[in-house]
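Novice: Okay, handing you the structure first.
The values are calculated or read from the model by the stated rules, or taken from the named source; none is laboratory data. From a predicted model like this one, the values you see are computed outputs, not experimental measurements. Neighbour counts run over all protein chains shown; Cβ positions are idealised from the backbone, glycine included. Accessible surface areas use protein heavy atoms only, side chains included; no ligands, DNA or RNA. Shrake-Rupley method; radii C 1.70, N 1.55, O 1.52, S 1.80 Å.
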Amino acid sequence: MLETVKYLIGAAGPSGFGSKSTAEQVTSHCPELHSITAIITGATSGIGAETARVLAKRGARLVLPARSMKAAEDTKARILSEFPESEIIVMSLDLSSLLSVRKFAAQFRSLNLPLNLLINNAGKFSHRHAISEDGIEMTFATNYLGHFLLTKLLLKNMIGTAEKSGVQGRIVNVSSSIHSWFSGDPISYLSLINKNRSDYFDGTRAYALSKLANVLHTKELAQRLQEMKANVTVNCVHPGIVRTRLTRDREGLVTDLVFFLASKLLKTIPQAAATTCYVAIHPRLANISGKYFSDCNEISTSKLGFNSTEAARLWSISEIMVAQKIQAVHSQSRRT
């Protein structure tokens, strides 16, 4: 009850910020970002667009990958209208396609740019069952596996940039408190919904699985970065509940009623982007890695999200999925 009251009134936590803090507020005293290059997925609308706008205001060079180049160009134009001196690069990326992720990473590397920040923000929620071109359930493919591969392919760039510049690199994985709704064996359930539409009872469990995967990815990657002695951190955030385009597959009378009744609990988009921006650039987060944040303060994950064995297991399965796709592509190439 006390935590709910604190949330509703926006009481500040140990960081000095709370649920009502905005992205501009939490970054207002941060160092200028003119030497920083950031990749932000899902930046064409909602939380991602506000994150991009605020980082541009602070001076960062932005790389905005998107499925829709028009949407990315529109976002770029909006930011430039407010901050004309911003440097913004738009690039094509479909996170549900491992081939598209590989193409994007190769194209980014060809630009010979530094990479200081990687914000894995893009998300999908759909109650309709679908399978990606790689044979993976679409929500999991978009929210997690695409970001897993993207991070893996760009990690060398980030480590190199940190070594050369002396500025610590940061990776931010945007998850959700809904990760705690998933129970059971993640890998077994993923296998079921990859193969059988009949096992896909509702989109919420699949979404919860993908967000749990974001949490576990953060935990395992933090451990690996520490073992590598890399000057790069990775943390996970819950942005809060906000009505964005993420809910577009569930529009309707019932959804509208639920959002109306819950309106006092919903965040504005500037408030929802605050935790991402705080974790991405605030000096207080230097050397902090493998943690989970909400309302700009560290909190605990679910018991499953804290499980190191599950985190390592998911990493291994993810590498197998990616390797199988590469093998399939090579086999197809030889046949043609």
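Novice: Those residues that are out of contact with any helix residue (DSSP H, G or I) (no Cβ under 7 Å at 6 or more places or on another chain), over 30 Å from Ser21 (Cβ atoms) and surrounded by fewer than 16 Cβ atoms within 10 Å (Cβ to Cβ), I need them from the range 293-321; list them, please.
Specialist: Thr309, Ser316, Glu319, Ile320
Novice: Separate question: Would you tally the residues in the range 118-129 being open to solvent by 10 Å² or more (accessible area, probe 1.4 Å) and within 24 Å of Ser289 (Cα to Cα)?
Specialist: 3
Novice: Run Leu95 past the list (1) buried (at least 24 other Cβ atoms within 10 Å of the Cβ); (2) in contact (Cβ under 8 Å) with a residue 60 or more places away in the chain and report the number of the one that doesn't hold.
Specialist: Here Leu95 clears every test but (2).
Novice: How many of the residues in the range 147-167 are outside any helix (DSSP H, G or I) and touching a Pro at 6+ places or on another chain (Cβ under 7 Å)?
Specialist: Number of matching residues: 0.
Novice: Then there is this: Determine, yes or no, whether Lys20 is open to solvent by 10 Å² or more (accessible area, probe 1.4 Å) and either among the small types (Gly, Ala, Ser) or under 30 Å from Val322 (Cα atoms) (or both).
Specialist: For Lys20, the condition - open to solvent by 10 Å² or more (accessible area, probe 1.4 Å) and either among the small types (Gly, Ala, Ser) or under 30 Å from Val322 (Cα atoms) (or both) - is not met.
Novice: Out of Ser180, Ser110, Ser132, which single residue is open to solvent by 30 Å² or more (accessible area, probe 1.4 Å) and without any contact (Cβ under 8 Å) to a residue 40 or more places away in the chain?
Specialist: It is Ser110.
Novice: Which residue is farthest from the chain's Cα centre (by Cα), if the candidates are limited to the range 203-238 and must be part of a strand (DSSP E or B) and of a type in the set (S, T, N, Q)?
Specialist: Residue satisfying both the conditions and the ranking: Thr233.
Novice: How many of the residues making up the range 138-177 are aliphatic (A, V, I, L, M), over 25 Å from Ile299 (Cβ atoms) and open to solvent by less than 20 Å² (accessible area, probe 1.4 Å)?
Specialist: The number of residues fulfilling the criteria is 7.
Novice: Also, I was wondering about something else. Can you tell me how many residues in the range 50-69 are in contact (Cβ under 8 Å) with a residue 60 or more places away in the chain and open to solvent by 10 Å² or more (accessible area, probe 1.4 Å)?
Specialist: Total satisfying the criteria: 2.
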